[in-house]
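Below is one structure, written out as structure tokens; comments come after it.
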Amino acid sequence: MYTEYWKLTAKPFENSPDPRFLYHSAEHDEALMRLLYAIQSSKGAALLTGEYGCGKTLLMHTIVNELSSGQFNIAYLTNPRWSANELVQEILYQLEITSNGTSRIEMLHSLNDFLFDNVRNGKHIIIIVDEAQIIGDYETFEELRLLLNFQLNDRFLLTLFLVGQPELNDMIKKIPQLNQRIALRYHLKRFSYEDTKAYIWYRLYIAGRNNPIYTEAALKEIYNYSQGTPRTINNICDLSLVIGFGKHLEQIDADTIIGIIESER
């Protein structure tokens, strides 16, 4: 709709987790480094938390994209409202494992065989549980902990990533047996003002824009409203490009952003 007007090759502020648009802030790069280290060093389990809309899912999709070679088998669980038994079923489904039966012990035997076959073939399993804070069943957390019992003397046979909002950390701390298994933790914070500006510029650049669209005053209004939350930045910037196109603006100024903010309240 507005891409041609603003000389863009793609919409720069979509909230879909497209790894092309990951802005490498110092915080995001630190998180990425720790999570990749957890895989490379067979650390077993890692925890990534962050406020709503801070880019956790995009970060995980970037990892999946980087590890899409045949060396890794990845199960990405995005809506973990399961019982413990359903969790195992979903993992088998994601990893394309055919179980000899539907009982818990039969499914775990199938998973065990698959894990050891993977090791013999030089492969590694990664299980990502996104939005893990919505898990409401202690038994499901216990099942996740038990997955970490699949190990050799010197390494885990899988890497488990638990990803969610800040309360996930408190939930896990209430389960000492699982909490002790978390080898690496990282909490993503909101962007600073400088990172917010760089984030907007980076997304526009990836979408094909080489010249600024937003005035400095507009950027300040975006930051003040979003408090550096990437998803909120995306929403207001996307809408501003639509309005700017409709009004035939050459740049997005502070008044345009203020108008959008007031209409949202």
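Each value in this text was obtained by applying a stated rule to the coordinates, not by laboratory testing. Please read all numbers here as calculations on a predicted model, not as lab measurements. Glycine also receives a Cβ, built like all others from the backbone with ideal geometry; neighbour counts cover every protein chain displayed.
Here are the numbers for this structure:
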quantity: Region 63-80-region 235-258 distance, computed between alpha-carbon centres (Å); calculated: 37 Å
quantity: The chain, helix-only ellipticity at 222 nm - DSSP H runs n ≥ 4, -39,500 (n - 2.57), divided by all residues, nearest 500; calculated: -15000 deg cm²/dmol
quantity: Relative pair counts by distance (%), Cα atoms of the chain, 10 Å bins; calculated: 6, 28, 28, 19, 13, 6, 0
quantity: Extended-chain gain in nm, criterion 0.36 nm per residue less alpha-carbon gap, K173 and R231; calculated: 18.1 nm
quantity: Proximal aspartates and glutamates to K189, defined as alpha-carbon separation beneath 19 angstrom and excluding residues fewer than eight positions away on the same chain; calculated: E27, D29, E30, E51, D130, E131, E167, D170
quantity: Potential lengthening between Y5 and Y138 on full extension [0.36 nm per residue; Cα-Cα distance subtracted]; calculated: 42.6 nm
quantity: Sorted by Cβ density within 10 Å, fewest first, the residues S226, S99; calculated: S99, S226
quantity: Those trypsin sites (Lys or Arg not before Pro) in region 1-62 that DSSP places in a loop and that have at most 16 other beta carbons within 10 Å; calculated: K7
quantity: Anchor K7: lysines whose Cα lies under 30 Å away (excluding residues fewer than 8 positions away in-chain); calculated: K56, K197, K220, K247
quantity: Two-site label geometry, A254 and F116: point separation in nm, points 7 Å out along Cα→Cβ; calculated: 6.8 nm
quantity: Region 148-169 versus region 208-225: alpha-carbon centroid distance in Å; calculated: 40 Å
quantity: Relative packing of 201-209, 161-169, which averages over residues the other C-beta atoms within 10 Å, highest first; calculated: 161-169, 201-209
quantity: Compactness index (Cα Rg / 2.2 N^0.38 Å), region 196-264; calculated: 0.99
quantity: Contour minus Cα-Cα distance for S103 and I261 (0.36 nm per residue); calculated: 51.5 nm
